[in-house]
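Visitor: Got a structure here, written out as structure tokens. Questions coming.
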Amino acid sequence: MYNNSIPMSVIYLLLTISIVIAVFFFVVFILSVKSGQFDDTYTPSVRMLFDDELVKEKDQIQKTTSKNKEE
Amino acid sequence: MTDVSACFHCGDPCEADAIVFDEKNFCCNGCKIVFEIFSENDLSGYYDLQNFPGASPKEMEGKYDFLDNTAIAEKLLEFNDGGTQIITLYIPHIHCSSCIWVLENLNKLDRNIKASQVDFPKKTVRVTFNSEGISLKQLACLMGKIGYAPYISLDDFQTEKIKKDRSIIYKLGIAGFAFGNVMFLSFPEYFEVNEFWLDQYKTTFRWLMFAFSLPVFFYSASGYFIAAFKGLRANILNIDVPLALGILVLFVRSTVEIIFDIGSGFFDSLTGLVFFLLLGKYFQQKTYGFLSFERDYKSYFPIAVTRINKNGREEAVQVNEIKKADRLLIRNDELIPVDAILLKGKARIDYSFVTGEIEPVEKESGEKIFAGGKQVSGSIEVETLKPVSQSYLTQLWSNQVFDSNKENSFTSLTNTISKYFTISILSIAASATTYWLFVQPALAMNVFTAILIIACPCALAMSAPFALGNMLRIFGKLKFYVKNDQAIERLAKADTLIFDKTGTITANNKSLVTYEGITLNKAEKSLLKSTLRTSGHPLSRILYTHLNGCELVKLSDVEEVVGQGIQAKFNDQNIKIGSASFVNARNIQNNLQTAVHIRLNEEYKGSFLFQNEYREGLSELFKELAPEYQLAILSGDNNGEAANLKKILPLKTSVLFQQTPEEKLNYIRQLQQEGHRVVMVGDGLNDAGALKQSDVGIAISENVNVFSPACDAILEAGKFKELHNYIKVAKGTMTVIKMSIAISFLYNIVGLYFAVTGQLSPVVAAILMPLSSISVVIFTTLMTNILSRKLN
């Protein structure tokens with residue numbers, strides 16, 4: 001009896017965990033659709049690249065201002 | 001030739017007197033100002049992302065005055081509370097990553113703009129701003145100033161905003177989620193090993209599968225039940241009937257099996273089936289965010305115009321509120337929304353959106369002006385004759401054809417086949433069940449349900465969506481934007497093609513220019529070209545590009561007389577270009593053709609004659625089409641071009657002139673009543689009725705972003721000569737679908753063998769169903785891609 005009940009509860013535990021995880025991702029999916037993430041699938045791909053551009057620009061500004069100071 | 005350098009801002013060539021600023025060339029002051037604004041506000045990154053991203057700002061004096069009218073502004077705003085306002089603006093110029101970058105950094109230009117987010121495919125920007133610091137009008141003007149003028153039309157003036165329909169994504173997501181989990185849970189039972197542990201847990205696993213398939217059955221598959229019900233009520237056996245039947249039987253039998261512990265059920269097949277079907281449906285829906293196939297005059301008409309009230313004061317008034325006898329002020333570049341009489345000012349009206357005719361029409365005061373024209377030379381004052389909805393143009397939309405829906409009256413190939421399919425499946429099921437009732441009654445119910453399950457035409461139902469959906473995408477890449485899958489099917493079935501003349505078979509931007517008179521020498525030509533450069537008149541622009549390879553000179557005393565011509569001085573020379581009366585040209589023989597006359601000093605030199613040029617490849621296209629199709633041309637113009645047209649078109653082409661929009665529509669209806677399937681190719685608002693009435697309405701567009709009337713497909717003008725190839729490929733696609741349906745039948749026959757003999761196990765169903773679906777998807781995708789190689 002003891003031998004039987006231990007693996008059994010493990011399976012139920014595993015099932016519960018896996019279903020909870022699956023449902024969690026499912027809810028995340030529904031929320032992401034609701035927030036409009038699937039409405040425009042193009043612009044974010046471009047927007048992502050701007051972060052680098054802005055950093056570069058700031059660097060340049062800092063460089064030029066520091067140059068001015070040196071002069 | 002002078003050094004032609006491209007404008008740093010917009011990329012247009014700047015010649016002679018280019019404006020040099022910050023070591024960069026600009027074609028005009030407007031471009032320079034935009035550059036200045038950007039560099040002052042730390043936005044010069046705009047030019048790093050893309051070369052020549054900008055547009056020269058247009059004049060907008062008074063253009064957005066109506067936004068100060070709170071009633072109008074209120075309708076446009078998405079959100080308005082406590083000083084914070086949100087609006088989504090459509091900006092036609094959005095075309096590159098620089099555009100996204102600068103529009104999302106609007107807050108650097110004005111700190112009252114809190115946030116802005118671009119939707120690139122739709123070409124819209126959603127701006128959140130502080131209305132106490134910046135008004136809506138100021139915002140629109142600010143965007144106009146940097147070359148991103150928002151386009152606000154009567155169409156935006158809706159009481160209700162259409163809610164986005166995302167149900168297909170939800171349904172697909174749920175079905176996919178359930179399919180994956182059910183597959184895992186049913187996996188152990190595929191092997192049917194009578195093992196101790198499996199027996200212990202199978203009840204739990206089965207009930208979990210049941211739980212997962214509940215939302216699939218009741219939510220994801222709901223569309224098929226509704227469609228089947230509607231079909232049955234209309235006495236049509238559409239493809240949804242066998243699908244719904246299959247899904248229903250799958251669910252009921254599986255549930256019965258697990259309740260009475262007979263077997264594991266077919267939940268894996270059920271969820272998989274719904275998932276694949278929805279995937280096909282999702283794939284079939286190719287939408288072009290920036291295009292609209294449902295436009296009527298409203299998306300073209302302004303939302304408000306300037307009315308001059310009795311005290312002589314100007315006020316912005318919503319166009320629907322314009323009444324008879326109202327006095328309206330129409331500024332340069334504004335659209336005339338009503339039929340009216342010209343009171344004051346010189347009218348030059350561009351009806352290109354209505355008729356496709358590019359050459360503006362001149363009107364004197366007292367003459368009648370029709371709605372839909374655009375005033376192109378200065379401000380005018382008009383008196384309303386008829387309100388917006390009753391004008392010559394807009395009353396076309398009251399025709400009942402605009403209430404009908406082409407989609408409903410068309411039976412697709414899939415549905416035609418489905419009728420015979422359903423009947424034969426039901427008869428097979430009935431005879432097999434009868435047989436088993438006598439042989440082994442216990443198996444009869446099993447066989448009956450098994451047949452309905454295995455015959456569920458999943459692969460059949462997926463053939464058309466994947467083939468047509470893929471074709472929609474291929475066409476879209478080739479600048480032929482088709483509204484939906486069904487339009488391709490209708491196009492393949494057509495036997496008659498009708499064309500509009502002006503703007504459809506003639507090119508808008510290209511005119512044939514010929515010169516008559518005393519030959520001009522090089523110096524004279526360069527003087528002429530330099531003078532034309534200063535003018536924005538369409539004819540000047542055409543002539544300017546026609547005279548290439550001439551040097552430009554610096555002129556003095558340039559003067560443009562609106563509606564007449566231009567004169568200019570260069571050293572001691574005096575040039576006059578324009579209408580016959582403007583240059584005092586006597587004895588002119590040709591009054592019918594559009595001409596620009598030239599006088600140099602006191603000598604009349606001659607004239608440039610303009611002729612509409614037919615689109616490239618027109619004659620070849622018609623020759624190719626002639627053996628297979630009945631052809632006709634419907635023109636709203638007079639028959640001046642009749643002889644010319646006859647020369648280049650095949651003999652049997654019928655050509656009809658002076659057709660009103662209503663007559664065009666009736667002509668097509670007549671043909672349809674005779675049993676023809678008609679494709680209408682048109683461009684202007686006056687073709688809107690004919691496009692709607694036809695089986696497939698194709699709008700030709702020089703620039704797909706600008707405007708095209710409601711239609712089933714939009715074809716970019718440059719691809720006009722490819723039209724026949726597109727139709728051929730559409731026909732080829734239908735053959736692919738037929739082949740693919742044949743493949744799906746093969747799977748059905750194999751499946752039916754298992755079902756009729758009573759050996760259908762969940763494993764067989766779980767293998768056959770995805771296998772047939774996947775092979776159909778692969779087959780149609782491959783074949784349509786091979787087909788499209790014909791197109792360049």
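Visitor: What's the average, rounded to a whole number, of partner chain beta-carbon atoms within 10 Å of each residue's beta-carbon in B:36-45?
Guide: So the per-residue partner count for this stretch is 1.
Visitor: Express the Stokes-Einstein translational diffusion coefficient of chain B in µm² s⁻¹, to the nearest whole number, given a Kirkwood radius over alpha-carbon pairs, 4 °C and a viscosity of 1.567 mPa s. Could the numbers behind the result be given before it?
Guide: Values: Rh = 30.7 Å.
Estimated via Stokes-Einstein, D reaches 42 µm²/s.
Visitor: Say each of residue B:214 and residue B:657 gets a label point 7 Å from the Cα, pointing the same way as Cα to Cβ; how far apart are those two points in nm?
Guide: So the label points at residue B:214 and residue B:657 sit 7.4 nm apart.
Visitor: Shifting gears a bit: Report for the protein assembly as shown the percent antiparallel among DSSP-assigned beta bridges with both residues inside it, nearest 5. Before the final figure, lay out the partial values.
Guide: Working: 79 of 99 bridges.
Antiparallel bridges make up about 80 percent of those DSSP assigns within the protein assembly as shown.
Visitor: Percentage of Cα-Cα pair distances in region B:65-152 greater than 21 Å, rounded to whole percent?
Guide: Details: 799 of 3828 pairs.
Every Cα pair in region B:65-152 considered, those over 21 Å come to 21 percent.
Visitor: Considering every residue in B:476-487, what mean count of other chain Cβ atoms within 10 Å of its Cβ is obtained?
Guide: 0
Visitor: Order these by the 10 Å Cβ neighbour count, fewest first: B:201, B:667.
Guide: Exposure proxy ranking, most exposed first: B:201, B:667.
Visitor: Oh, and also: Using only alpha carbon positions, build the gyration tensor of the protein assembly as shown, then give the equivalent ellipsoid semi-axes as the square roots of 5 times its eigenvalues, largest first, whole angstrom. Can you show the working numbers first?
Guide: Values: eigenvalues 743, 252, 123 Å².
Each semi-axis is √(5λ); the values are 61, 35, 25 Å.
Visitor: Lys/Arg Cβ at +1, Asp/Glu Cβ at -1, dipole of chain B taken about the Cα centre: which of B:741, B:498, B:309 is farthest positive-ward?
Guide: B:741
Visitor: Something else: Run lengths n ≥ 4 of DSSP H only: what is the helix-derived mean residue ellipticity at 222 nm for chain B, with -39500 (n - 2.57) per run over all residues, to the nearest 500?
Guide: Numbers: 24 runs with 327 residues, N = 792.
Counting only the DSSP helices, I get -13000 deg cm²/dmol.
Visitor: For a 20 Å ceiling on Cα separation, which of these pairs sit above it: B:230/B:419; B:137/B:344; B:479/B:728? Intermediate results must be reported in sequence, preceding the final value.
Guide: Details: B:230/B:419 15 Å; B:137/B:344 28 Å; B:479/B:728 16 Å.
The answer is B:137/B:344.
Visitor: Shifting gears a bit: Nothing charged except the Cβ atoms of Lys and Arg (+1) and of Asp and Glu (-1): what's the magnitude of the dipole of region B:370-476 about its Cα centre? Round to the nearest 20 debye.
Guide: On the way: 5 positive and 4 negative charges, 54 e Å.
So the magnitude is around 260 debye.
Visitor: What size of dipole, in debye to the nearest 20, comes out for the protein assembly as shown about its Cα centre when the only charges are +1 on Lys and Arg C-beta atoms and -1 on Asp and Glu C-beta atoms?
Guide: It works out to roughly 1480 debye.
Visitor: How much of the DSSP beta bridge set in region B:631-743 is antiparallel, as a percent to the nearest 5?
Guide: Antiparallel bridges make up about 0 percent of those DSSP assigns within region B:631-743.
Visitor: Using alpha carbons only, how many angstrom separate the centre of region B:308-381 from the centre of region B:222-298?
Guide: Between the Cα centres of region B:308-381 and region B:222-298 lies a distance of 53 Å.
No lab work stands behind these numbers, since they all come straight from the coordinates. Please read these numbers as outputs of a predicted model, since none were measured by experiment. All Cβ positions, glycine included, derive from the backbone under ideal geometry; neighbour counts span all protein chains shown.
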